[in-house]
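Every number in this text was worked out from the coordinates using simple rules, so none of it is lab data. Bear in mind that the values here come from a model prediction, so they are computed numbers and not experimental data. Note: ideal-geometry Cβ built from the backbone for every residue, glycine included; neighbour counts use all protein chains shown.
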Amino acid sequence: MIAIYTITSGLHDEQSVAKISDEFLHGIFPDGGFDFRGSDFQDFGSHTLDLIYVRTGGAEGIFKSLLPEMLARGTERYYLLTSGKSNSLAASLEILSYLKQQGLQGEVLHGSAAYLKERVKLLEKVADARRKLRGARIGVVGQPSDWLIASHADSVKVTDRLGARLVEVPMEELLQEIAKAPKDAAPAEDMAPQVREAFPGATQIYHALQRIVERHGLSAFTLRCFDLLTAVGNTGCLALASFNADGIPAACEGDVPALLSMMIAQALTGKTGFQANPSRIDVETGEMLFAHCTVPFNLVTKWNYDTHFESGIGVGIHGELLQGPVTVFKVSGDLERHFVAEGQLIYNQYEDNLCRTQVMLQLSPADARYFLTRPIGNHHIILPGHHKAVLEALL
């Protein structure tokens with residue numbers, strides 16, 4: 001829900017200001033869809049998106065007097081809506097400058113009704129995503145894989161910037177749960193004998209992770225999955241594909257920045273995305289091949305079970321994603337850097353010398369060059385659709 005609060009100088013005629021306000025708000029919200037709170041700020045901060053409508057000039061002092069109360073409620077960002085009439089824009093600029101001097105964040109919302117309608121819609125989506133992320137408990141089952149030397153996370157900054165908390169879960173705890181977990185039979189479909197034999201063990205890992213998620217109250221988790229190859233002779237690919245499809249972001253190899261990217265993506269778009277690493281890059285054309293051995297079941301048009309590529313054991317997922325627009329996304333472990341690029345998924349392929357799900361993307365040559373000059377680790381998240389604007393707005 002969007003709530004609109006107002007600040008108005010007493011020097012202006014209320015009747016004429018009210019008329020301007022009605023026309024202005026009706027242009028942005030022709031069908032309503034907002035809660036008009038007026039000048040009563042007692043519940044400010046309790047809605048998905050709170051807008052402060054600066055109706056007139058001379059309202060700067062009123063805002064300054066209200067700010068301590070809003071700060072006490074933990075308000076992080078201030079959106080100042082202005083019609084541009086009655087000197088409202090001038091007052092909004094002064095207020096925003098004051099906020100910046102206090103080290104606070106804000107934005108003046110000003111422009112055509114069509115622009116404001118779209119901007120407010122986007123900000124509402126971002127605010128809703130921030131609420132979903134706040135308070136999340138992020139499981140790190142085992143530590144990041146040894147080769148992920150640049151893919152660790154800053155737990156303090158994760159809490160400060162997302163309001164989420166990292167929760168360490170020892171690998172031994174998972175292994176104990178696997179030993180107790182039930183096994184499901186392989187589905188009635190054509191499978192290589194090796195994959196069919198491994199399938200019940202792969203479902204044990206899934207059931208064990210369910211217990212871990214429930215016990216620790218996890219909203220998402222990343223798994224040091226390669227340890228399972230030697231510990232139980234199986235893989236976590238099936239489990240991760242299932243959790244992601246069920247709406248619980250689950251990343252491979254203990255990669256926390258990849259998991260944070262998946263969580264942000266899900267909060268904004270409802271999909272966790274496909275965690276994959278580049279296998280080939282043509283910087284001249286922008287074509288890039290991405291691959292990984294698991295993919296969320298709800299992202300693929302069809303799939304079949306295969307072995308895990310590097311080890312040749314367990315259960316991997318060979319899925320095919322829908323061709324069309326995609327977004328490639330990644331945040332750093334301290335959330336200070338991010339990469340977002342829009343492109344096209346031009347085809348799926350399969351080569352037996354790569355991870356099992358393989359997609360060819362068309363990005364711009366400049367975006368492809370990023371991977372060879374300033375990448376944020378190797379894993380990146382591929383989302384169906386174009387989402388750059390909303391991702392940039394959140395970050």
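Structure notes:
- Scanning segment 145-158 for residues that are surrounded by 14 or more Cβ atoms within 10 Å (Cβ to Cβ) and within 16 Å of VAL331 (Cα to Cα) yields LEU148, SER151, HIS152, ALA153, ASP154, SER155, LYS157, VAL158.
- Criterion: touching a Phe, Trp or Tyr at 6+ places or on another chain (Cβ under 8 Å), in a helix (DSSP H, G or I), free of Cβ contacts under 8 Å to residues at least 40 places away in the same chain and within 28 Å of ALA389 (Cα to Cα) - qualifying residue of LEU89, LEU123, LEU93, LEU99: LEU99
To keep it simple, each residue is scored yes or no on (1) within 21 Å of PHE199 (Cα to Cα); (2) out of contact with any Ser or Thr (no Cβ under 9 Å at 6 or more places or on another chain).
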{"site": "GLY319", "(1), (2)": "yes, no"}
{"site": "PHE329", "(1), (2)": "no, no"}
{"site": "LEU335", "(1), (2)": "no, yes"}
{"site": "VAL340", "(1), (2)": "no, no"}
{"site": "LEU361", "(1), (2)": "no, yes"}
{"site": "ALA366", "(1), (2)": "no, yes"}
{"site": "ARG369", "(1), (2)": "no, yes"}
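- Qualifying residue in segment 73-93 (condition: within 30 Å of THR222 (Cβ to Cβ) and touching a helix residue (DSSP H, G or I) at 6+ places or on another chain (Cβ under 6 Å)): no
- Of residues in segment 299-328 being under 15 Å from LEU240 (Cβ atoms) and assigned to a loop (DSSP other than H, G, I, E, B), the one farthest from the chain's Cα centre (by Cα): GLY314
- All positions within segment 140-190 that are among the polar types (S, T, N, Q) and closer than 18 Å to GLU214 by Cβ: GLN176
- Identity of the residue in segment 260-282, of a type in the set (A, V, I, L, M) and over 9 Å from the mean Cα position of the chain (by Cα), that ends up nearest to ALA366 (Cα to Cα): ILE281
- Of the residues examined, ALA389 is not one that is closer than 25 Å to VAL256 by Cβ and outside any strand (DSSP E or B).
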